[in-house]
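Taking it in order: structure first as structure tokens, then the write-up.
Read the figures in this text as sums done on the coordinates, not as results from a lab. Just so we're clear, the structure is a prediction, and the values are computed from it rather than from any experiment. Positions of Cβ are backbone-derived with ideal geometry, glycine not excepted, and every protein chain shown enters the neighbour counts.
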Amino acid sequence: MVAITLPDGSVRSFDNPVSGAELAADIGPGLAKAALAIRLNGALDDLSTVIDADSDVAVITDKDEEALDLIRHDAAHVLAEAVQELWPGTQVTIGPNIENGFYYDFAREEPFTPEDLETIEKKMLDVIERNDTFTKEVWDRDKAVQTFRDMGEAYKAELIEAIPAGEDVRIYRQGDWFDLCRGPHLPSTGRVGKAFKLMKVAGAYWRGDSDNEMLQRIYGTAWRTPRELRAYLHMLEEAEKRDHRRLGREMGLFHQQEQATGSVFWHPKGWTFYRAIQNYMRLRLEAGGYVEVNTPQMVDRSLWEDSGHWEKFREHMFIAESEDRMLAIKPMNCPCHVQIFKQGQTSYRDLPLRMAEFGACARNEPSGALHGLMRVRAFVQDDAHIFCTEDQIEEETKRFIDLLASIYKDFGFEDFVIKFADRPEVRAGSDETWDRAEKALLDASRAAGVELVMNPGEGAFYGPKLEFVLRDAIGRDWQCGTHQVDFVLPERLDASYVGEDGDKHRPVMLHRAILGSFERFIGILIENYAGRFPLWLAPVQIVVATITNDSDDYARQVQAQANAAGLRAELDLRNEKINYKVREHSHAKVPVILVVGAREAEDESVAMRRLGGKQQEVLALQDALARLKEEAQSPAGKS
């Protein structure tokens with residue numbers, strides 16, 4: 001007798017072992033037709049897997065999130081089969097599913113072309129139309145090595161040779177074609193569907209090692225329905241239009257160059273934008289009870305050894321040597337904040353102590369991972385650490401989430417998801433300490449009334465964390481804010497406070513950030529708004545543009561009064577047609593253009609044009625400035 005417990009808690013009993021497909025058919029013909037795989041005791045498995053013991057089982061259909069991973073995984077197998085049918089002798093290597101799609105790496109002398117991608121797509125459709133069943137086979141490891149070597153698949157043979165001798169190897173067959181794979185898979189190639197597209201070809205070193213051979217990687221995207229595919233491709237088109245690197249150049253905000261790889265040269269307009277964000281954040285933090293500090297950028301390795309960063313994070317740290325001492329440029333601010341906390345004697349009456357820093361940090365990111373402002377080596381974090389008692393974790397977590405939600409709303413992000421990331425494989429502290437920290441953060445989150453999405457194994461090495469994921473204007477997700485409970489660093493760095501009982505106690509350290517990296521958040525803002533910032537954020541809020549040079553003096557007065565009102569106004573007195581000036585400043589995403597000519601000078605008025613608008617509004621100068629001043633006020637000043 002086999003008892004199977006379904007997600008709704010109901011139990012189905014069978015006299016004999018039963019496959020996932022048979023279970024789905026027993027539940028109903030509709031589910032049997034829709035079934036793609038099963039989740040067996042928490043692990044994804046093939047529909048053909050036989051269940052021979054009492055188990056918890058869920059039948060996976062295309063309505064489940066796991067379906068996308070299966071579709072993309074199988075699309076990679078279909079891609080590999082199509083390529084080898086078209087170009088026999090091409091070797092296949094590795095082909096996983098990835099976020100939004102899949103890829104496969106091939107060893108082939110002749111490079112693939114864009115035209116080849118179209119040919120491969122057609123052949124993939126043939127493979128899908130054949131609807132070959134995915135069949136799992138278990139081979140002897142040595143037999144698998146020899147089989148792939150005999151086929152001329154040296155890369156596959158090398159992969160299998162890395163498996164310990166004596167272990168069995170999983171092979172999945174689709175028709176006459178087969179591949180090394182852990183699985184699981186869809187029931188057949190036909191279930192991959194037609195909602196896929198090959199995107200590009202790139203180079204990739206075998207096993208990611210630059211000392212190895214260069215392979216050709218074909219990237220693709222795959223979705224459940226053609227509608228999802230169209231939506232994704234449209235999002236990519238929008239993302240290209242909004243690319244912060246292009247807009248940064250066009251708007252004169254920043255540039256990057258090889259002599260400072262992974263760093264940013266902020267131009268006057270970009271730095272104005274940067275300071276507007278920082279000034280806003282400073283006001284919000286001060287109102288939220290934070291004190292601001294500043295700590296050294298280079299610190300002796302001994303502190304990083306004490307904190308655990310040297311062991312756990314060393315490969316990401318830039319190192320400098322001076323007078324036989326090894327220094328590290330700080331990749332984060334937390335150990336330095338503990339040093340400030342330790343100066344003097346702290347009482348329980350001083351807690352919670354909320355310590356903030358706009359800390360300049362550096363991390364040795366691989367050059368291939370760098371991407372504009374989104375991934376840099378030198379950056380500033382809106383970092384803060386809250387030193388508190390264990391009893392204060394709940395209240396401080398709630399306060400932080402409320403502050404974060406309010407700030408995100410001010411920047412135009414109403415929608416965000418909170419993920420709970422628990423202990424990673426590489427971590428500091430005992431399991432008992434992690435149990436306490438995870439329970440404290442979960443309890444605090446529940447008390448704050450927020451919903452959590454689990455993100456297993458993604459915590460910081462010193463504690464579990466909440467990850468705050470924003471959704472931008474075109475539906476992309478960005479993980480920005482974090483909130484971490486840490487019992488480890490205060491212990492390692494010997495931080496203490498005097499409790500009500502007169503004894504010394506360890507504080508809890510809450511690591512938190514709202515924007516994360518300023519650079520990355522600015523990149524997200526540029527792309528979210530496509531450069532069309534709300535007035536309070538725009539680096540240039542107003543351009544005063546003349547129709548003829550006869551009104552230059554009046555234009556100067558308008559600019560001076562706008563600046564006096566706290567507005568960021570520039571002047572355009574060029575001897576150009578006004579339509580040309582309007583087009584140029586619109587292209588630069590200036591929110592407001594105040595056009596002045598002889599009539600406006602005589603009436604002390606302005607013709608106001610809004611970015612994206614086709615009409616202009618004639619207003620008295622003082623009325624226009626009063627309206628714009630109110631609109632341009634920072635939300636921090638209003639709250």
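Some notes on this structure:
- Peptides 607-616, 349-358, 621-630, 459-468 ranked from most to least packed by the mean count of surrounding Cβ atoms within 10 Å: 459-468, 349-358, 621-630, 607-616.
- Placing pseudo-labels 7 Å out from each Cα toward the beta carbon at E315 and D211 gives an inter-label distance of 1.4 nm.
- Extending 7 Å from Cα along the Cβ direction at A34 and again at F265 yields two label points whose distance is 5.7 nm.
- Chain lengthening between I27 and Q557 when straightened (0.36 nm per residue, less Cα-Cα): 182.9 nm
- In the chain, the convex hull through the Cα atoms has an average projected area of 37.9 nm², a quarter of its surface area.
- Rounded to 10°, Cα long-axis angle of helix 141-150 versus longest principal axis of the chain: 80 degrees
- Sequence-distant contacts, meaning Cα pairs under 8 Å at least 6 residues apart, place the relative contact order of region 285-362 at 43 percent.
- Summed side-chain charge close to G183 - residues other than G183 whose Cβ falls under 11 Å, Lys, Arg +1, Asp, Glu -1: -2
- Positive dipole terminus of region 62-211, leading residue within G101, T133, P88 (C-beta point charges): T133
- Approximate shape of region 502-639 as ellipsoid semi-axes (Cα gyration tensor, √5λ), whole Å, largest first: 40, 17, 12
- Within the chain: Cβ-based charge dipole about Cα centre, in debye rounded to nearest 20 (Lys, Arg +1; Asp, Glu -1): 2200 debye
- Around I418: net Lys/Arg minus Asp/Glu count, Cβ-Cβ under 9 Å: -1
- Region 429-545 - charge dipole about Cα centre, Lys and Arg +1 at Cβ, Asp and Glu -1, debye rounded to 20: 560 debye
- Length-normalised contact order for region 526-639 - Cα pairs under 8 Å, 6+ apart - percent: 29 percent
- Gain in span if fully extended, E286 to S367, counting 0.36 nm per residue against the direct Cα distance: 25.5 nm
- Full extension of the segment from D140 to E118, taken as 0.36 nm per residue of separation minus the current Cα-Cα distance, would add 4.1 nm.
- Nitroxide proxy distance, nm - points 7 Å out along Cα→Cβ at R108 and R506: 5.7 nm
- Efficiency of FRET between E250 and Q339 - r from beta-carbon atoms, R0 51 angstrom, step 0.05: 0.70
- Listed peptides 225-232, 58-65 by packing density, highest first (mean Cβ within 10 Å): 58-65, 225-232
- Region 444-540, relative contact order in percent, only Cα pairs under 8 angstrom and at least six apart counted: 21 percent
- For the chain, with +1 on Lys and Arg beta carbons and -1 on Asp and Glu, the positive-most of L351, Q257, Y554 along the dipole: Y554
- Cross-link pairs beyond the 31 Å C-alpha cut-off, checked among K409/K465; K33/K123; K197/K269: K197/K269
- Across region 400-549, Cα-Cα pairs farther apart than 17 Å form 68% of the total.
- Given charges at beta-carbon only (K, R positive; D, E negative), |dipole| of region 1-159 in Debye: 200 debye
- To the nearest ten degrees, helix 552-564 and the longest principal axis of the Cα atoms of the chain are 70 degrees apart.
- Local electrostatic count, I277, Cβ distance below 13 Å [Lys/Arg +1, Asp/Glu -1]: +1
- Degrees separating the helix 518-529 axis from the principal Cα axis of the chain, which is the longest one: 90 degrees
- Shape category assigned to region 91-224 from the gyration tensor of Cα positions, a/c cut at 1.5: oblate
- Using bins of 5 Å that start at zero, the share of Cα-Cα pairs per bin across region 1-123 amounts to 2, 10, 17, 17, 12, 10, 10, 9, 7, 4, 2, 0, in whole %.
- Residue (of Q174, H585, L442) at the positive-pole extreme of the chain, dipole from beta-carbon charges: H585
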